[in-house]
Amino acid sequence: MLNERYEIELDSSYLEFEFDSIGPKGTIKKVVQYSETNLKDLYNLGFGDKNKSSKRIDDLAITNNGDSQKVLATVALTVFIFTEYYHNASVMAIGTTSARTRPYRMGITNNLQAIENDFNIYGLKNDDWEKFVKNVDYDAFLVERKK
């Protein structure tokens, strides 16, 4: 996770983070939100562009701002910060489409050694969680901070 990252703003609950993607399409506000699920200590990572009118996450927007690695590294930074505050939390991430899940897998694969220093990471395959393995297509990802 040594990639260049954007500066983030976070709310006092450590559940919402914002940053600006800066590139050829201009400055685009991005939002990362952590929401509790119905399972104890399991949070969903929501991510996307901030809709200017509704102020909600648009997780279907296609930005193509030329900074996807920097954006992904910034999202990963929020996981570090979030799990420092919520020590027992597990974080699940899934793209709204398989095409949007792929960048998560690529980011994890490219930084697996660094990630495994601090986190256990799992992939969802055929409705079962398994230890993350490179070059396997997963439907979702789960990370938990090592204790």
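The values are calculated or read from the model by the stated rules, or taken from the named source; none is laboratory data. Note that this is a predicted model, so its numbers are computed, not measured. Using ideal geometry, Cβ is built from the backbone for each residue, glycine included, and neighbour counts are taken over all protein chains shown.
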**OP:** Run down ASN135, ASN120, ASN88, ASN65 and say which single residue is more than 13 Å from the chain's Cα centre (by Cα), closer than 25 Å to TYR14 by Cβ and in a loop (DSSP other than H, G, I, E, B).
**Re:** ASN88
Subject >> Any chance SER21 is in contact with a strand residue (DSSP E or B) (Cβ under 6 Å, 6 or more places away or on another chain), of a type in the set (Ser, Thr, Tyr) and under 17 Å from LEU142 (Cα atoms) >> reply: no
Original post:
Can you name every residue in the range 24-39 that is over 19 Å from ASP59 (Cβ atoms) and either aliphatic (A, V, I, L, M) or crowded, with 16+ Cβ neighbours inside 10 Å (or both)?
Top reply: LEU39
Subject >> Any hit, the range 96-105, residues being under 25 Å from ASN135 (Cα atoms) and modelled with pLDDT of 95 or more >> reply: no
**OP:** Name the single residue, out of those in the range 102-117 being under 14 Å from the mean Cα position of the chain (by Cα) and touching a residue at least 40 places away in the same chain (Cβ under 8 Å), that is surrounded by the most Cβ atoms within 10 Å (Cβ to Cβ).
**Re:** ILE115
Original post:
Residues of the range 36-73 being modelled with pLDDT of 90 or more and more than 26 Å from GLU4 (Cα to Cα), which ones?
Top reply: GLU36, THR37, ASN38, LEU39, LYS40, ASP41, LEU42
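Of everything in the range 1-23 that's of a type in the set (Ser, Thr, Tyr) and surrounded by fewer than 17 Cβ atoms within 10 Å (Cβ to Cβ), which residue is nearest to MET92 (Cα to Cα)? Step through it out loud before you land on a result.
First pass over the range 1-23, keeping only residues of a type in the set (Ser, Thr, Tyr): 6, 12-14, 21.
After this cut, where a residue has to be surrounded by fewer than 17 Cβ atoms within 10 Å (Cβ to Cβ) as well, the list is 12-14.
Details: SER12: 21, SER13: 18, TYR14: 16 Å.
Across the range 1-23, the extreme among qualifying residues is TYR14.
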Original post:
Where residues in the range 37-62 are assigned to a loop (DSSP other than H, G, I, E, B) and basic (Lys, Arg), which of them is nearest to SER21 (Cα to Cα)?
Top reply: LYS52
Original post:
Given the conditions (1) assigned to a strand (DSSP E or B); (2) crowded, with 16+ Cβ neighbours inside 10 Å, which single one is not true for LEU77?
Top reply: (1)
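Give me a count of the residues in the range 85-101 that are touching a Pro at 6+ places or on another chain (Cβ under 9 Å) and either of a type in the set (S, T, N, Q) or surrounded by fewer than 15 Cβ atoms within 10 Å (Cβ to Cβ) (or both).
Step one: of the range 85-101, the residues touching a Pro at 6+ places or on another chain (Cβ under 9 Å) are 95.
Right, trim to either of a type in the set (S, T, N, Q) or surrounded by fewer than 15 Cβ atoms within 10 Å (Cβ to Cβ) (or both) and you get none.
Total meeting the criteria: 0.
So, in the range 42-52, exactly how many residues are in contact with a strand residue (DSSP E or B) (Cβ under 7 Å, 6 or more places away or on another chain) and either hydrophobic (A, V, I, L, M, F, W, C) or loosely packed, with under 13 Cβ neighbours inside 10 Å (or both)? Give the derivation first.
The initial filter retains those residues of the range 42-52 that are in contact with a strand residue (DSSP E or B) (Cβ under 7 Å, 6 or more places away or on another chain), namely 42-51.
Going one step further and asking which of them are either hydrophobic (A, V, I, L, M, F, W, C) or loosely packed, with under 13 Cβ neighbours inside 10 Å (or both), we end up with 42, 45, 47.
Looking only at that region, the number is 3.
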